[in-house]
Amino acid sequence: MNRTTMKTLLNVIFVLLTINSFSQKIDFETEKKIIRETLSQYLDTSPNSVASYIKGKKGYEMLQFAYKMGIVKEEDSIKKQELVHILVDSLDYISNSISAELKNRKIRVKISDTLYAYQYKPLNNDLRKNADWDDNYNNLLDDFKYNNMARLDTIIGEEYIDLIKRQIHYKGTDKLFSVKELDNSYYKFTAENDSCNDEYCFKAEKVYRTVFNDSFTKGCYLFSFKCRDNQICRNFIFIRKEQNQWIYVDDYPSWIVD
């Protein structure tokens, strides 16, 4: 065997080992574990979850902002001070009540027992085509790099746009799993046909398969849930690996894409 042939063979072996190594990182058990770690973090930000109204979380901040806007409109300075005290007391009462309740119970999340493969359905444009994707890229860039419409809580970066593209081209399959495998933090996952009508219930619908970047440091899956008059809303959930842990970064409404 000459030197050139040997070099080519070694390169092929290296590529095969690399592919095999990467594929082992994203086996189904690992994928479920990553979703388990990050989905509860995402749910903590949702106004449909009572955990979001614990002090310091997103729902709490939204209530605080709404109350403050009402106080700003008050012209009487004495009345304004009274409203500030009411604001602090009412938010603390809400937060403390929820925190105490969650020490002894879980928020139930109704959800399907299938991890779905995302099925992109084009409308006016087909983003699977390079030309249509390129035309739409600047619209996505406006959100992910500049956040001009304030759709995202933070500027998460252009690199996450590629994960949307990977979802659009995803060729995976649906897989059954036990919803209890997602139990974490304040949340206990339950079958979609269970009765669940109080404020400690989150009426979800589906979780979708995850795609990752090449270095396995960023990922994206989708999550759908009941919202607005029992309609279905669905978001892209963006995650990243930080100090060997996966964390939730931000979410993005799928209707903007499909």
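The values are calculated or read from the model by the stated rules, or taken from the named source; none is laboratory data. Just so it is clear, the structure is predicted and the values come from calculations on it, not from any experiment. Using ideal geometry, Cβ is built from the backbone for each residue, glycine included, and neighbour counts are taken over all protein chains shown. Remember, those area values only see protein heavy atoms, side chains included, never the ligands or the DNA or RNA. Shrake-Rupley method; radii C 1.70, N 1.55, O 1.52, S 1.80 Å.
Report yes if Arg105 is assigned by the TED database to the domain that holds Ala51 and either open to solvent by 50 Å² or more (accessible area, probe 1.4 Å) or out of contact with any strand residue (DSSP E or B) (no Cβ under 6 Å at 6 or more places or on another chain) (or both), otherwise no. Give the derivation first.
Working: assigned by the TED database to the domain that holds Ala51: yes; either open to solvent by 50 Å² or more (accessible area, probe 1.4 Å) or out of contact with any strand residue (DSSP E or B) (no Cβ under 6 Å at 6 or more places or on another chain) (or both): yes.
For Arg105, the condition - assigned by the TED database to the domain that holds Ala51 and either open to solvent by 50 Å² or more (accessible area, probe 1.4 Å) or out of contact with any strand residue (DSSP E or B) (no Cβ under 6 Å at 6 or more places or on another chain) (or both) - is met.
Could you say which residue among Phe144, Phe189 is modelled with pLDDT of 95 or more, outside any loop (DSSP other than H, G, I, E, B), of a type in the set (Phe, Trp, Tyr) and under 27 Å from Arg108 (Cα atoms)? It would help to see each step written out before you state the result.
Numbers: Phe144 fails: under 27 Å from Arg108 (Cα atoms).
Within the list Phe144, Phe189, the selection yields Phe189.
Would you tally the residues in the range 155-186 being open to solvent by 60 Å² or more (accessible area, probe 1.4 Å), in a loop (DSSP other than H, G, I, E, B) and under 18 Å from Asn130 (Cα atoms)?
Result for the range 155-186: 2.
Filter the range 156-176 down to residues that are aliphatic (A, V, I, L, M) and touching a Phe, Trp or Tyr at 6+ places or on another chain (Cβ under 9 Å) and give me whichever is farthest from Tyr116 (Cα to Cα). Quick ask: steps written out before the conclusion?
From the range 156-176, those aliphatic (A, V, I, L, M) are 156, 161, 163-164, 168, 176; that's our starting set.
Now restrict to residues that are touching a Phe, Trp or Tyr at 6+ places or on another chain (Cβ under 9 Å): 156, 161, 163-164, 168.
Numbers: Ile156: 25, Ile161: 21, Leu163: 17, Ile164: 16, Ile168: 13 Å.
Among residues in the range 156-176 that are aliphatic (A, V, I, L, M) and touching a Phe, Trp or Tyr at 6+ places or on another chain (Cβ under 9 Å), the one farthest from Tyr116 (Cα to Cα) is Ile156.
So which of Asp194, Asp198, Asp214, Asp229 is surrounded by fewer than 21 Cβ atoms within 10 Å (Cβ to Cβ), out of contact with any strand residue (DSSP E or B) (no Cβ under 7 Å at 6 or more places or on another chain) and not assigned by the TED database to the domain that holds Lys129?
Details: Asp194 fails: out of contact with any strand residue (DSSP E or B) (no Cβ under 7 Å at 6 or more places or on another chain); Asp214 fails: not assigned by the TED database to the domain that holds Lys129; Asp229 fails: not assigned by the TED database to the domain that holds Lys129.
It is Asp198.
Would the range 127-140 turn up any residue that is open to solvent by 60 Å² or more (accessible area, probe 1.4 Å) and part of a loop (DSSP other than H, G, I, E, B)?
Yes, the range 127-140 contains a residue that is open to solvent by 60 Å² or more (accessible area, probe 1.4 Å) and part of a loop (DSSP other than H, G, I, E, B).
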